[in-house]
Amino acid sequence: MFRTLLINPGSTSSEISIFEDEREVKSARMIHPVAELRKYSTILDQYPYRCAAIKEQLRQWNIRKGDLAAVVGRSFISRRESGAYVVNQKMIDDVKSILSRVEHAAGMGCMLAREIADEQGIPAFVAHCASQSLGPMAKVSGIPGIQRRAVYHVVNIEGIAGLAARELDRAMDDLNLIIAHLEGGMSIAAIAGGRLVDVSNAFEEGPFTTERSGALPVVSLVELCFSGQYTREQILKMIRGEGGMVAYLGTNKISDIEKQVQAGNKEAGFYLEAMCYQVSKEIAAMASVLKGKVDAVILTGKILESAHAVNWIEERCGFIAPVKRYPEQEALAFAQAALTVLRGEEKARIYE
């Protein structure tokens, strides 16, 4: 039996799990309030704060040296081959360079895994799932110098697609799905025959989220950028980190917003429904990509913590196909990537 620690830093939380082989035996989700995150100028500045929170949870679980076989972090690398990659210094250096341009907490996955693994004297991996690229037509943006890209929650979306195929008792190559990963970052994907057809870019497209602006009226955005009132860094924070629900309601926690709605807060209800309105529009757009032939619309992510949000999306999208709710599948995928190496079924890949 192999016991592995999985680390999944997200935009608004850090999640860890302990698996014994394929069975999850412990899990914890540490919420990072907006007020706390605002203390840090960059994502990398958050590293000591998040690392301390994870170590404290491991202390509470009484995890000691020798209890774990490996630590697996969320991947932030770009490689064509999927699998478990050994975390080395080159990976950490490359990720730090990427984070200077595209800030996302996922980049800390390899660093957190390496630090805790070194303390335990065990290997650190990232579980990498290579993203699929968009087709030629989906890449067209409207400006020749800008191309649409497939930036999405690949591990969860592909895991959900496989789970749906099994539960629907259908072959993957005979299945059309719209999978909406909905939380601090949102990816809404059209899947046909197991292949990605189109997806909303989680960094710069789609609906607004608990902390991102989503797609914006471009002329108004350009005017804001050149108004002289804001720096580049301030604009980027408005778009990613302090946009969406953070800007409207001051919180990035969907369960808190749900509680406000249940308590009769009309402003919270209005903005939560507005977010669901935009999510529904994006789902309907993906239905057109699939020419209306959709076997299921699947909702996954922290949105499932809000009954109001799920109901509003189901009301608007139920005409497309049956709407199903699936919990995230990332943790199991992380564990399975490490197990293939620990069991000697595959060799760990070296990041070069």
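What residue, among those in the stretch 74-132 that are acidic (Asp, Glu) and in a helix (DSSP H, G or I), is nearest to the chain's Cα centre (by Cα)?
Residues of the stretch 74-132 that are acidic (Asp, Glu), as a first pass: 81, 93-94, 103, 115, 118-119.
Retained after the next criterion (residues that are in a helix (DSSP H, G or I)): 93-94, 115, 118-119.
Numbers: 93: 22, 94: 20, 115: 22, 118: 26, 119: 27 Å.
Here the answer is 94.
Looking at the stretch 255-352, what helices (runs of 4 or more DSSP H) fall wholly within it and have at least 1 residues that are within 30 Å of residue 20 (Cα to Cα)? So that I can check it myself, show each step before the final result.
On the way: elements: 266-289, 307-317, 330-342.
Result: 330-342.
Of all residues being in contact with a Phe, Trp or Tyr (Cβ under 9 Å, 6 or more places away or on another chain) and surrounded by fewer than 18 Cβ atoms within 10 Å (Cβ to Cβ) in the stretch 150-184, which is nearest to residue 338 (Cα to Cα)? Just the residue, please.
Checked the stretch 150-184; the qualifying residue nearest to residue 338 (Cα to Cα) is 163.
Between 315, 328, 267, 273, which is in contact (Cβ under 8 Å) with a residue 12 or more places away in the chain and more than 24 Å from the chain's Cα centre (by Cα)? Steps first, please.
Values: 315 fails: in contact (Cβ under 8 Å) with a residue 12 or more places away in the chain; 328 fails: more than 24 Å from the chain's Cα centre (by Cα); 273 fails: more than 24 Å from the chain's Cα centre (by Cα).
Only one candidate passes the filter, namely 267.
Please find, within the stretch 297-317, the residue that is surrounded by the fewest Cβ atoms within 10 Å (Cβ to Cβ) out of those that are within 15 Å of residue 163 (Cβ to Cβ) and of a type in the set (A, V, I, L, M).
So the first thing to find is which residues in the stretch 297-317 are within 15 Å of residue 163 (Cβ to Cβ), and the list is 297-301, 304.
Checking which are of a type in the set (A, V, I, L, M) leaves us with 297-299, 304.
Values: 297: 24, 298: 24, 299: 24, 304: 17.
Ranking the candidates gives 304 first.
What do you reckon, is residue 80 more than 18 Å from residue 124 (Cβ to Cβ), outside the structural domain of residue 302 (by TED's automatic domain parsing) and without any contact (Cβ under 8 Å) to a residue 24 or more places away in the chain? Spell out the reasoning first.
Working: more than 18 Å from residue 124 (Cβ to Cβ): yes; outside the structural domain of residue 302 (by TED's automatic domain parsing): yes; without any contact (Cβ under 8 Å) to a residue 24 or more places away in the chain: no.
So residue 80 does not fit the description; no.
Counting only residues that are among the small types (Gly, Ala, Ser) and at pLDDT below 95, which one in the stretch 1-21 is nearest to the chain's Cα centre (by Cα)?
Within the stretch 1-21, the first condition is being among the small types (Gly, Ala, Ser), and the residues that meet it are 10-11, 13-14, 17.
If we keep only those that are at pLDDT below 95 too, we end up with 10-11, 13-14.
On the way: 10: 7, 11: 8, 13: 11, 14: 11 Å.
Result: 10.
Considering each residue of the stretch 176-225, count those that are among the hydroxyl-bearing types (Ser, Thr, Tyr) and without any contact (Cβ under 8 Å) to a residue 40 or more places away in the chain, and give that number. It would help to see each step written out before you state the result.
Of the stretch 176-225, the ones among the hydroxyl-bearing types (Ser, Thr, Tyr) are 187, 200, 209-210, 213, 220.
Among the residues that remain, those that are also without any contact (Cβ under 8 Å) to a residue 40 or more places away in the chain are: 187, 213, 220.
Total satisfying the criteria: 3.
So, residue 320, is that one buried (at least 20 other Cβ atoms within 10 Å of the Cβ) and at pLDDT 95 or above or not? Walk me through it before giving the result.
Values: buried (at least 20 other Cβ atoms within 10 Å of the Cβ): no; at pLDDT 95 or above: yes.
Judged against the criteria, residue 320 is not a match.
The values are calculated or read from the model by the stated rules, or taken from the named source; none is laboratory data. Computed from a predicted model, the values in this text were never measured in an experiment. In this analysis, Cβ positions are derived from the backbone assuming ideal geometry, glycine residues included, and neighbour counts consider all displayed protein chains.
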